[in-house]
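One structure is given here, and the rest of the page talks about it.
The values are calculated or read from the model by the stated rules, or taken from the named source; none is laboratory data. Quick caveat: nothing in here was measured; it's all calculated off a predicted structure. Here the Cβ positions follow ideal geometry from the backbone for every residue, glycine too, while neighbour counts run over all protein chains shown. The area values use the complete protein model at the heavy-atom level, side chains included, leaving out ligands, DNA and RNA. Shrake-Rupley method; radii C 1.70, N 1.55, O 1.52, S 1.80 Å.
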Amino acid sequence: MDRDNARYMKDEYLKIIKTYLGQLQTAHTPDISPAIQRYTQNSNLKSLSFFYDTLLKRSTFLDYGIPKKPIVGYFCNLVPEEVIYAAGAVGVRLCSSDDVCARLGEEIIPGDFCSMIKSSCGALFTRRYDNLDLVVVPAACDGKLKLAEVLSPFKEVYFLDFPRDSDYLKNAEIWTQKYSQFAEFLRKRYNARVNREDLLNACKLTNKRTDIFRKIYSLRASHPGIINAFDYFAIASASFVCEANIWSAYAEKLYKEAQYLAGNKPDFKGKKILLAGSSIIFPNYKILDILNELGCDISADTTCSAYGRMYDPVEIDEDTQDGILRALSLKYIAASMCPCFLGIDKLIDRIVEIFREHSLNGIIYHNLRLCQVFEMQSFALRHILKDKGLPFLFIKTDLSKEDTGQIKTRIEAFLEMMR
Amino acid sequence: MFSIGIDIGSVATKCALVKDGSLIASSIVKTGSDTERSAEQALSEALKSAQIKEADAALVISTGYGRRTFKRAGKAITEISAVACGAYVLYGKKSCLVIDVGGQDTKIVDVGKTGQAADFLMNDKCAAGTGRFLEMMSSVFETDLEGLSELALKSGNPVVINSTCSVFAESEVVSLISHSIKREDIAAGLFNAIATRIDSMIKQIGCANPILFCGGGAKSAALWKSLKRITGREIAVPENPQFVAAYGAALLCSY
Ligand code: SF4
Ligand code: SF4
């Protein structure tokens with residue numbers, strides 16, 4: 001281990017920061033029940049309730065990891081959940097787009113940071129991280145890097161660092177090595193084995209989840225509205241805070257129920273939209289609300305909160321420990337469409353492929369305001385996709401409601417363009 | 001049969017009566033807080049000037065930011081589609097690129113071969129680079145848009161103004177005035193600042209079609225001049241630039 005991961009500041013400095021932050025008021029964990037009530041109003045699928053219940057009761061992870069297992073929080077879609085499972089811990093993905101937390105975050109970091117970073121910092125002041133044992137922050141954007149430092153006075157933080165050039169041939173060895181260091185860290189930390197067999201078992205769990213996710217994904221694309229976009233992103237968000245095997249069992253039920261209903265559902269008349277760009281996490285549903293109001297469906301996505309998280313399986317060529325870790329780096333890093341990596345081709349190829357495969361009508365690229373990396377890609381996407389004849393709309397917005405009217409006009413005009 | 005297009009903008013409400021593709025009457029009123037009433041008012045003024053009855057009209061289509069508030073309209077479409085259709089017909093049914101500087105937004109619309117928008121860009125959520133900006137700057141000079149425009153046309157040496165944010169530009173202007181920079185040169189600098197911003201929007205869309213400039217902002221000869229100079233392209237301004245969206249909405253009735 002090159003450095004003690006939990007410590008990014010000297011004791012003396014830590015003490016000052018802790019005293020200062022200790023004086024700031026704590027706030028309540030934001031209550032998501034009104035949002036749940038609102039979005040479940042029109043749901044006709046019974047098996048959805050498990051996912052919404054999970055979102056509600058797991059907002060502070062109180063009952064998570066029982067019987068007693070350590071809870072490891074992580075950000076992004078770049079940390080191998082399988083390694084956490086293999087260490088006998090449970091992983092929770094912490095990415096949130098909560099407006100209340102974002103405003104709390106502004107007390108300690110500049111306002112002109114993306115709301116994902118602000119809300120991750122702001123969650124410090126709610127009880128959200130209390131039950132976590134460890135937080136893993138990957139080398140995504142600079143905001144994430146400094147987030148590791150901001151959280152470190154309060155929680156043990158592991159910074160998972162790796163090259164951000166997504167060229168597999170060039171970097172697979174280093175990624176594998178970084179994942180292996182992470183495994184080693186957990187091994188010591190939890191006195192666990194994390195051997196080949198543990199890793200294989202963990203991969204089975206997430207691959208099972210991928211299987212069922214893929215079924216749901218194609219059912220939604222072929223039968224728009226059968227599981228509406230609100231519910232789709234809710235079940236994906238629930239997977240952040242739910243053990244993979246439990247999630248899969250309930251998702252299977254949901255799939256069966258939806259499949260049964262799909263038979264007698266009238267054809268969907270609206271436009272089928274592919275949503276690319278920044279993640280959509282419950283309850284940040286502004287764009288979904290607008291699209292729903294305008295009668296169209298997000299029938300497919302490439303976001304790292306849903307598709308990017310669960311679509312790709314771990315494909316193991318060589319089942320040695322290193323081979324499995326390499327396969328994991330392929331799944332999480334080499335295949336990633338995260339804008340923090342060099343190499344936009346993957347995203348474009350996937351968008352074109354998904355668009356054509358499911359005969360979609362248009363692509364909306366959603367950019368969480370103040371995220372520079374997502375925004376910088378918009379120029380290339382606009383022109384390349386337009387050149388291929390795919391209708392493309394760029395939308396930049398944040399968690400506030402003030403620009404709802406303007407965003408709606410843009411989306412409405414986009415739909416008129418497709419007539 | 002006539003058709004009627006009503007464009008309920010953030011500043012003005014415009015009504016266009018169209019017969020056989022030509023504009024036969026129009027009216028413009030200030031948009032009040034009750035947008036529906038402003039629309040009614042614009043409509044009755046236009047009908048009066050053409051001496052026709054609404055019952056003779058085939059359809060009323062509303063557009064603009066208040067489009068949904070005018071419940072009587074048979075249909076509501078966005079100002080983007082409306083302006084695209086209006087510009088397309090005015091331009092002899094050919095593809096073109098529209099610059100529309102309105103009260104609260106500036107849009108660039110790439111109009112395709114069929115008269116539909118093929119792509120568009122709008123300014124971000126604040127008023128930077130819109131008609132509202134020009135209005136605020138005019139009031140710093142205690143004049144209106146026309147006055148500011150005339151002033152700018154007299155300039156021989158425009159200053160460089162960096163901001164199109166109304167708040168920052170205002171302090172920039174006040175400081176320039178206090179440094180006894182000529183008012184003409186400051187005014188011209190303001191138009192250049194907006195034109196530069198619009199130019200970068202055009203480049204983002206990346207479209208080589210001929211340009212048509214419309215919306216309330218197109219009434220300013222100074223802005224037109226700056227745009228031509230900065231984009232380095234020919235820019236046409238139609239006869240009634242403010243009515244292009246209303247006209248387009250009326251035309252869409254027959255589509
Ligand atoms: S897009 Fe990348 S940086 Fe953003 S949350 Fe997803 S994985 Fe993390
Ligand atoms: S949205 Fe952008 S700025 Fe924010 S965490 Fe993700 S990559 Fe970083």
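Here are the numbers for the structure shown:
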{"item": "Every residue from segment B:45-94 that is at pLDDT below 95 and hydroxyl-bearing (S, T, Y)", "result": "B:S49, B:Y65, B:T69, B:Y91"}
{"item": "Single condition A:T404 does not satisfy, out of (1) open to solvent by 50 Å² or more (accessible area, probe 1.4 Å); (2) more than 22 Å from B:V111 (Cβ to Cβ)", "result": "(1)"}
{"item": "Identity of the residue in segment A:61-100, acidic (D, E) and at pLDDT 85 or above, that ends up most open to solvent (accessible area, probe 1.4 Å)", "result": "A:D99"}
{"item": "Meets criteria (within 14 Å of chain A (Cβ to nearest Cβ), touching a helix residue (DSSP H, G or I) at 6+ places or on another chain (Cβ under 8 Å) and either basic (K, R) or without any contact (Cβ under 8 Å) to a residue 24 or more places away in the chain (or both)) for B:K107", "result": "yes"}
{"item": "From B:L151, B:L145, B:L134, residue being away from chain A (no Cβ under 14 Å) and over 20 Å from the mean Cα position of the chain (by Cα)", "result": "B:L151"}
{"item": "Residue that is within 14 Å of another protein chain (Cβ to nearest Cβ), away from ligand 1 (no atom under 13 Å from the Cβ) and more than 15 Å from the chain's Cα centre (by Cα), where the choices are A:L294, A:L288, A:L330", "result": "A:L294"}
{"item": "Within segment A:383-419, tally of residues that are facing chain B (nearest Cβ under 8 Å) and under 14 Å from B:S81 (Cβ atoms)", "result": "7"}
{"item": "Hits in segment A:110-145 - residues which are away from ligand 1 (no atom under 16 Å from the Cβ), over 19 Å from A:P30 (Cα atoms) and open to solvent by less than 10 Å² (accessible area, probe 1.4 Å)", "result": "A:L134"}
{"item": "Residue within segment B:60-69 that is closer than 17 Å to B:Q242 by Cα, facing another protein chain (nearest Cβ under 10 Å) and open to solvent by 60 Å² or more (accessible area, probe 1.4 Å) present", "result": "yes"}
{"item": "Criterion: over 30 Å from B:V60 (Cβ atoms) and within 14 Å of chain A (Cβ to nearest Cβ) - qualifying residue of B:I235, B:I161, B:I202, B:I194", "result": "B:I202"}
{"item": "Flag if A:E315 is more than 30 Å from A:E416 (Cβ to Cβ), in contact with a helix residue (DSSP H, G or I) (Cβ under 9 Å, 6 or more places away or on another chain) and at pLDDT 95 or above", "result": "yes"}
{"item": "Some residue of segment A:285-300 being out of contact with any Asp or Glu (no Cβ under 9 Å at 6 or more places or on another chain), closer than 30 Å to A:E197 by Cβ and surrounded by fewer than 17 Cβ atoms within 10 Å (Cβ to Cβ)", "result": "no"}
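Residues checked against (1) among the hydroxyl-bearing types (S, T, Y); (2) within 12 Å of ligand 2 (Cβ to nearest atom); (3) part of a strand (DSSP E or B); (4) within 14 Å of chain B (Cβ to nearest Cβ):
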{"site": "A:Y52", "(1), (2), (3), (4)": "yes, no, no, no"}
{"site": "A:V72", "(1), (2), (3), (4)": "no, no, yes, no"}
{"site": "A:Y85", "(1), (2), (3), (4)": "yes, no, no, no"}
{"site": "A:V100", "(1), (2), (3), (4)": "no, no, no, no"}
{"site": "A:I108", "(1), (2), (3), (4)": "no, no, no, no"}
{"site": "A:F113", "(1), (2), (3), (4)": "no, yes, no, no"}
{"site": "A:C121", "(1), (2), (3), (4)": "no, yes, no, no"}
{"site": "A:V136", "(1), (2), (3), (4)": "no, no, yes, no"}
{"site": "A:K144", "(1), (2), (3), (4)": "no, yes, no, no"}
